[in-house]
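Asker: Mind looking over this structure? Questions follow.
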Amino acid sequence: MDSMLHTLSICQSEFISIGVQDPRLQKDDLWHTHVDYEICLETNSMCFRKKSSCVRRRYSEFVWLRHSLEQNALIMELPKLPPWNPFFSLKNAEQVAQRIKGFQEFLESVLQRPFLLSDSRLHLFLQSDLSVSRMSRCARGQTRYTVAEAIQRSSSGDISGLEDKATCDSDTESSCSSGLGLSGEALSSSWGPDRPRAVQPSSELLPTLIAP
């Protein structure tokens with residue numbers, strides 16, 4: 001972890017440090033790319049299973065997280081995300097700084113609301129490498145692995161060895177305990193496909209479209 005982390009005081013003895021940094025261009029296919037960001041967390045809070053973690057998330061995954069938390073927030077007003085810009089470019093330093101600042105402020109605001117810290121989808125977003133569809137199913141208890149196992153194994157890559165339980169519908173698995181926090185209401189799997197594997201950006205790429 002480095003000085004990019006912003007520390008939030010939960011109480012006199014507990015803290016959560018969160019940092020959004022290192023935007024990278026990732027290639028989905030020949031014509032499409034997206035930008036993702038590293039989210040690093042350090043904490044001594046009992047709310048978190050891992051005390052130190054780093055994951056990469058893209059804009060559409062932040063949108064999924066906010067929508068998911070909104071279902072549990074009841075009358076609580078959630079912070080806004082930075083607006084989506086179809087002309088966003090990593091070469092525009094001002095655009096990059098504004099988006100990172102928006103993500104940072106969003107996460108800081110969420111982490112200062114104790115009620116939201118019990119939502120397992122927040123923990124999966126911050127401390128697992130699961131895609132949106134797998135996070136949704138895991139939080140509902142519809143995967144072979146629990147939330148705790150997903151978080152513990154993601155950084156080591158072991159989660160890929162835990163196959164989802166298959167049924168007649170490949171997108172639905174038999175239930176098991178989520179292992180951490182509240183699972184919340186069922187979410188549609190249409191929020192997006194599994195995240196593509198990261199590749200290093202190349203200056204020789206053909207003109208591409210940047211997706212959320």
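Asker: For segment 32-158, I need the span (max minus min coordinate) of the C-alpha atoms along each principal axis, in Å, sorted largest to smallest.
Answerer: Rounded to whole Å, the extents work out to 41, 36, 28 Å.
Asker: Mind listing the long-range amide H neighbours of Phe15? Cut-off is under 5 Å, sequence gap 5 or more, other chains count too, H placed in the peptide plane at 1.01 Å from N.
Answerer: Excluding prolines and chain starts, which carry no amide H, the hits are Ile10, Asn44, Ser45.
Asker: Place a point 7 Å from the Cα of Phe15 along the Cα-to-Cβ direction; which residues of segment 37-57 have their backbone N under 12 Å from it?
Answerer: Only 42-45 pass the distance filter.
Asker: Now, a different point. Using a Cα-Cα cut-off of under 30 Å, which lysines could be cross-linked to Lys101, ignoring same-chain neighbours fewer than 8 residues away?
Answerer: Within the straight-line cut-off, Lys101 pairs with Lys27, Lys50, Lys51, Lys80, Lys91.
Asker: Ignoring ligands, DNA and RNA, what percent of the accessible area of segment 13-58 is carbon or sulfur (1.4 Å)? Display every interim value, and only then the final one.
Answerer: Values: 1010 of 1820 Å².
Exposed carbon and sulfur together represent 55 percent of the surface.
Asker: Give me a comma-separated list of calculated 3J(HN,Hα) values for segment 86-103, in order, Karplus coefficients 6.51, -1.76, 1.60 applied at θ = phi - 60°, integers in Hz, x for any Gly or Pro.
Answerer: With the stated coefficients, segment 86-103 comes to x, 9, 4, 9, 5, 7, 9, 4, 5, 4, 4, 5, 5, 5, 4, 4, x, 4 Hz.
Asker: Still on this model: Skip the ligands, DNA and RNA, and give the accessible area per residue of segment 47-104 with a 1.4 Å probe, whole Å².
Answerer: Per-residue value: 54 Å².
Asker: Turning to a different aspect of this structure: May I ask for the percentage of alpha-carbon pairs in segment 49-113 that lie more than 16 Å from each other?
Answerer: So the pairs more than 16 Å apart make up 54 percent of the total in segment 49-113.
Asker: I've got another one for you. Which of the chymotrypsin sites (Phe, Trp or Tyr not before Pro) across segment 57-149 are loop residues per DSSP, with 14 or fewer other Cβ within 10 Å?
Answerer: Qualifying residues, ordered by number: Trp84, Phe87.
The values are calculated or read from the model by the stated rules, or taken from the named source; none is laboratory data. These numbers come from a predicted model, not from an experiment. Don't worry about glycine lacking a Cβ; one is built from the backbone with ideal geometry, like all the others, and counts go over all protein chains shown. The accessibility values were calculated without ligands, DNA or RNA, using every heavy atom of the protein model including side chains. Shrake-Rupley method; radii C 1.70, N 1.55, O 1.52, S 1.80 Å.
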